[in-house]
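Participant: This is the structure I have questions about; it appears just below.
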Amino acid sequence: MHSINLCFHQTATLCTAAEGALLLASAIQDESRQFRPAAFNALVLWVSADNPNDLAKQLAAINDYCPLTGFVECGRYAASLATLDSDKLIRPQGTEQSIEWTVLNDKRYIPALKRQYQADSLAQVNDQGQGLNSDIDSALAECKQLKGLRDTRLTATEFNPINTGLNCISISANSAKGLADKLQGLGDDKAYWAFCAFVGSSHELESIKDVFL
């Protein structure tokens, strides 16, 4: 699975979220970029606000639940803007940052997915161990206390998804152009925004959807 991000501060000039979606769509179609995915199904996460302070607050809630690199960096930038007087702010012009693909070899680097994976793994271990409990109890009475401690440990970790307030769009596409065409309808007229798209096969995206949808 791959990801690609774009935030308001990465563009050469300030633009709306709708215009940012067009820039992201163009980057996805660019065949010269390294590490392009082979499959183009996507889960697109995006958020926008009228001012940097509101964007920083929205991203703070998201990043507390599941910090994603692009959103963390954007949140820090938006927070810094919110602390400056407007007459002191000089935004660099004509310095658009490159939009690049990131390869996610292990999706567990995303904290919420890591917690979900741990919860699922422990639940699986717990299920597999249930069949052995009767033999253990009948053969070793002294193991009852250890079994209780084991059960407590295995059920102590739970993953409960929360509503992040993100706009979450699931997209099925057969090509980069197909994905780009559907991205062009996203966004709004707000000037402070951030996009994060997870791109890959439908199978790869299932665990991501469980966290955000």
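Participant: If we only count helices (runs of 4 or more DSSP H) wholly inside region 1-87, which ones have 2 or more residues that are acidic (Asp, Glu) and open to solvent by 30 Å² or more (accessible area, probe 1.4 Å)?
Facilitator: The helices (runs of 4 or more DSSP H) meeting that bar are 52-65.
Participant: List the residue pairs whose Cβ atoms are under 7 Å apart, where the first residue sits in region 63-91 and is farther than 18 Å from Ala112 by Cα, the second is open to solvent by 40 Å² or more (accessible area, probe 1.4 Å) and at pLDDT below 80, and the two are 6 or more positions apart or on different chains.
Facilitator: As it stands, the answer is Leu81/Leu89, since those pairs meet every condition given.
Participant: Okay, next question. Exactly one of these conditions fails for Phe198: (1) buried (at least 18 other Cβ atoms within 10 Å of the Cβ); (2) in a loop (DSSP other than H, G, I, E, B); (3) at pLDDT 90 or above. Give me its number.
Facilitator: Single failed check for Phe198: (2).
The values are calculated or read from the model by the stated rules, or taken from the named source; none is laboratory data. What you see is a predicted model, and the numbers here were worked out from it, not measured in a lab. Don't worry about glycine lacking a Cβ; one is built from the backbone with ideal geometry, like all the others, and counts go over all protein chains shown. All accessible areas refer to the heavy atoms of the entire protein, side chains included, with ligands and DNA or RNA removed. Shrake-Rupley method; radii C 1.70, N 1.55, O 1.52, S 1.80 Å.
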